[in-house]
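Taking it in order: structure first as structure tokens, then the write-up.
The values are calculated or read from the model by the stated rules, or taken from the named source; none is laboratory data. Just so we're clear, the structure is a prediction, and the values are computed from it rather than from any experiment. No Cβ is skipped: glycine too gets one built from the backbone with ideal geometry, and neighbour counts run over all protein chains shown. All accessible areas refer to the heavy atoms of the entire protein, side chains included, with ligands and DNA or RNA removed. Shrake-Rupley method; radii C 1.70, N 1.55, O 1.52, S 1.80 Å.
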Amino acid sequence: QVQLVESGGGLVQPGGSLTLSCAASGNIFRIGTMGWYRQAPGKQRELVATMTRGGNTNIVDSVKGRFTISRDNAKNTVYLQMNSLKSEDTAVYHCNADQWGVAYWGQGTQVTVSS
């Protein structure tokens, strides 16, 4: 089993920045792709950004140029640097990790963008 714990969410004004972190623990041998998804009220969960163990990224168009994903394989941690935040970025952000085809999810961290 893999446990994922997110941190770094909060309330920020439009145009502001936040950095989310997600640390994996437990049976963490050869975790593959890690990334972030988000779910806004009344909407389906959507992909935000993912990164393979080798560093290849997949980023949704709506956040390209504003969000940056990175990871530290030695620490089994993935980060999401979010800049120029907009009200439409408000959502619960969930960390995701793949291990041998099994998907693991964190509990989520709330990001609220509001003045």
Output for Cβ contacts, cut-off 6 Å, separation at least six or different chains, first residue closer than 23 Å to Thr68 by Cα and modelled with pLDDT of 95 or more in the stretch 22-38, second surrounded by fewer than 20 Cβ atoms within 10 Å (Cβ to Cβ) and among the basic types (Lys, Arg), reads Tyr37/Arg45
Within the stretch 71-115, of all residues that are part of a helix (DSSP H, G or I) and open to solvent by 50 Å² or more (accessible area, probe 1.4 Å), the one nearest to Gly15 (Cα to Cα) is Ser87
Filter pass, Leu11 being more than 23 Å from Trp100 (Cβ to Cβ) and open to solvent by 50 Å² or more (accessible area, probe 1.4 Å) | yes
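Filter the stretch 36-55 for residues that are closer than 14 Å to Gln110 by Cα, part of a loop (DSSP other than H, G, I, E, B) and open to solvent by 50 Å² or more (accessible area, probe 1.4 Å) and give the result. Step through it out loud before you land on a result.
Let us first name the residues in the stretch 36-55 that are closer than 14 Å to Gln110 by Cα, namely 36-41, 45.
Filter once more, keeping what is part of a loop (DSSP other than H, G, I, E, B): 40-41, 45.
The answer is Pro41, Arg45.
I'd like to check something: does the stretch 23-35 contain any residue that is within 15 Å of Glu88 (Cβ to Cβ), small (Gly, Ala, Ser) and open to solvent by 40 Å² or more (accessible area, probe 1.4 Å)? Quick ask: steps written out before the conclusion?
Of the residues in the stretch 23-35, the ones within 15 Å of Glu88 (Cβ to Cβ) are none.
No, the stretch 23-35 contains no residue that is within 15 Å of Glu88 (Cβ to Cβ), small (Gly, Ala, Ser) and open to solvent by 40 Å² or more (accessible area, probe 1.4 Å).
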What residue, among those in the stretch 56-70 that are hydrophobic (A, V, I, L, M, F, W, C) and part of a strand (DSSP E or B), is most open to solvent (accessible area, probe 1.4 Å)?
-> Ile59
Answer residue from the stretch 10-39, given it is within 14 Å of Gln81 (Cα to Cα) and of a type in the set (A, V, I, L, M, F, W, C) and is farthest from the chain's Cα centre (by Cα) among those = Val12
Going through the stretch 1-22 in order, the residues found to be within 28 Å of Glu88 (Cα to Cα) and among the polar types (S, T, N, Q) are Ser7, Gln13, Ser17, Thr19, Ser21
Of the conditions (1) closer than 23 Å to Val113 by Cβ; (2) in a strand (DSSP E or B), Ser25 clears all except one; give me its number.
-> (1)
